[in-house]
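Each value in this text was obtained by applying a stated rule to the coordinates, not by laboratory testing. All figures in this text were calculated on a predicted structure; none of them were measured in a lab. FYI the Cβ positions are ideal-geometry reconstructions off the backbone, even for glycines, and counts take in every protein chain you see.
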Amino acid sequence: MSDDRTQQDSTSSDGTSRGLNRRHFLAAAGTGATAAVAGCTGLGGGGGSDTIKIGGVYLLSGIAQALGTSSANAAEVAVKQINENGGINGKDIEIEVRDHGEDPQAQIRSLAQEFNADVMIGLTSSGVTLASAPTIESLGVPFTLTDIGTPYITEPDTESYGNYFESDSGRAAFTPNMFRTNSNTSHMTYAIAKYVADNYGESRVANMGPDYAYGQQCWDYFKAYSEGLGMNHEYVTSEFPSLGASDMTPQINSVLSADPDLLFTSFWAGDATTFISQAAEQGLFEEVDDVFDTIGADPTVYEALGDTTPEGIHMSGWYWPTAYDNENNQAFLDAYREEFQDDDTTPSIPGFTGGSTYAAIYMYKKAIEAAGGTNPEDVISELEGITIDNDPRGQTTIKEDTHQATAPCVIGETSFDADVPYDGAGLVNTQTYTLTRERSLELLDGSGLGPGL
């Protein structure tokens, strides 16, 4: 079974994953990063700088280009708003966002040491995040994850789950200067398991997901949460087409042959588009009662599919623009629409990574102002337990012990009646889900999987 320990390294600019032995990488990254820090004083600009510098690293090319671009766009909107309203401590924000490229750790080091970023945001790949954690920790710059699914990176309990960086079976990879504003895989799969339990009960369930860490983790967590909720589902088949596969028809045929009631999927971005279009051609959506997807609910997916998206299936994400009725969300939507309404390449509503990225910029503003400057240790201290007031998803808090935001996630039904500024489907009848660490521990008991909450 593929997991983060075997495919956790970098994703190239064309979106393909390249294997690397984890221990060899950690040895090289740890030594190189430490040497770089030793020869560089004043990390994080700070002090006498005329601006507050934010560095960002996302996948801006390849299969995940839409996700990384959505995050960069949301950050740009937040920065522009803050600068128009006096900046941070009277200083403007300067932001530089780069593509992961072939060497994401080099990009991270460059932003910290050459751009002199005071704080950073990213990333777009769970594998890249886990592989980059030693580098990020050695640099000491506060780094907030806005797009990352793996629960491991905000799981601090090494005694129960093993230290990821010291054991091949470890699943706890908490890093002191890393924080996360988006919901994660543990939470997302709980929401789907809960929805299925409440609305369908015990069922014949099949799985399809990308054949790498994220797809495998989603399926493991869904089954564990379902069991914790008392569901004795019959799991009839599990299929993992390769990440970025152009032809998923063999796996779709396998699912059809298994005759499930429900299909659980974990496709996103280009893979979600490929799966839905090919599954529609093969009549899968007429043969099952429902299909669920973890983070495929994104405007770029629906716009690409046009009229192909089946109505009434359930898709989820960390954010959907109409799921939250509050003034901060409306301010975000208005600003985003104004910024991108004349851009033919970008939907004028934010993607599912937008809310968490926008919130991260405002979180940094509050923390830096409370710290009275950009000293990394002071900012990190302020971030632990901070409440994000300008979060489009409603007020959220960064948990002091795990650095995970108490952010909700969204499940909705696909529909062409959704109010969207493009030709395609959107989500209606959205429901938001929250989950505490205590409840997650109870439900996952005996599974060996950590909450990351």
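Only beta bridges with both residues in the chain are counted; by DSSP, about 30 percent of them are antiparallel. When only alpha carbons are used to place a centre, the stretch 66-84 and the stretch 204-276 end up 32 Å from one another. Between the amide H of Ala297 and those of Ser316, distances stay under 5 Å, these residues lying 5 or more places away or on another chain, with hydrogens modeled in the peptide plane. Applying the Karplus relation 6.51 cos²θ - 1.76 cosθ + 1.60 with θ = phi - 60° to the stretch 361-367 yields 3J(HN,Hα) values of 5, 5, 4, 4, 4, 5, 5 Hz, where x marks Gly and Pro.
Amide H to amide H, with H built 1.01 Å from N, Thr144 comes under 5 Å of Met120, Ile121, Gly122, Phe179, counting only residues 5 or more places away or on other chains. Computed 3J(HN,Hα) for the stretch 344-353, one whole-Hz value per residue from the Karplus formula 6.51 cos²θ - 1.76 cosθ + 1.60 where θ = phi - 60°, is 5, 8, 10, x, 8, 10, x, x, 6, 8, glycine and proline marked x.
Where q = 0.09, 0.12, 0.19, 0.22 Å⁻¹, what log10 of I(q)/I(0) comes from the Debye formula for the stretch 145-270, counting one point per Cα? Rounded to two decimals, the profile gives -0.30, -0.52, -1.11, -1.27. Treating each Cα of the stretch 307-362 as one equal point scatterer and applying the Debye formula with no solvent, the log10 of I(q)/I(0) at q = 0.12 Å⁻¹ comes out as -0.33. Phi angles across the stretch 420-431 convert, under the Karplus curve 6.51 cos²θ - 1.76 cosθ + 1.60 with θ = phi - 60°, into 3J(HN,Hα) values of 10, x, 8, 8, x, 7, x, 9, 10, 6, 6, 10 Hz, Gly and Pro given as x. Taking the three principal axes of the alpha carbon atoms in the stretch 272-343, the coordinate ranges are 42, 25, 15 Å, sorted in descending order. By the beta-carbon count within 10 Å of each Cβ, the least crowded to most crowded order of Ser447, Ser126, Ser169, fewest first, is Ser169, Ser447, Ser126.
As a proxy for reagent exposure, ranking Leu256, Leu111 by other Cβ atoms within 10 Å from fewest up yields Leu256, Leu111.
With the radius of gyration and the Kirkwood radius both derived from the Cα set of the stretch 207-363, what is their ratio Rg to Rh?
Values: Rg = 17.1 Å, Rh = 17.0 Å.
The Rg/Rh ratio comes out at 1.01.
In the chain, the longest principal axis of the Cα atoms and the axis of helix 104-113 are about 30 degrees apart. Close amide H contacts of Asn207 (hydrogens built in the peptide plane, cut-off under 5 Å, sequence separation of 5 or more or a different chain): Thr237, Ser238, Glu239, Phe264.
Partner lysines whose Cα lies under 19 Å from the Cα of Lys91, excluding those fewer than 8 positions away in the same chain, are identified as Lys53, Lys80, Lys365, Lys366. If you split all Cα-Cα distances of the stretch 344-418 into 5 Å bins from zero, what percentages do you get per bin, shortest first? All Cα pairs considered, the percentages come to 3, 15, 21, 21, 15, 10, 8, 5, 3, 1.
Can you tell me the relative contact order of the chain? Whole percent, Cα pairs under 8 Å, sequence separation 6 or more. If you can, show how the numbers build up before the last one.
Working: 1038 pairs, mean separation 77.5, N = 453.
Relative contact order comes out at 17 percent.
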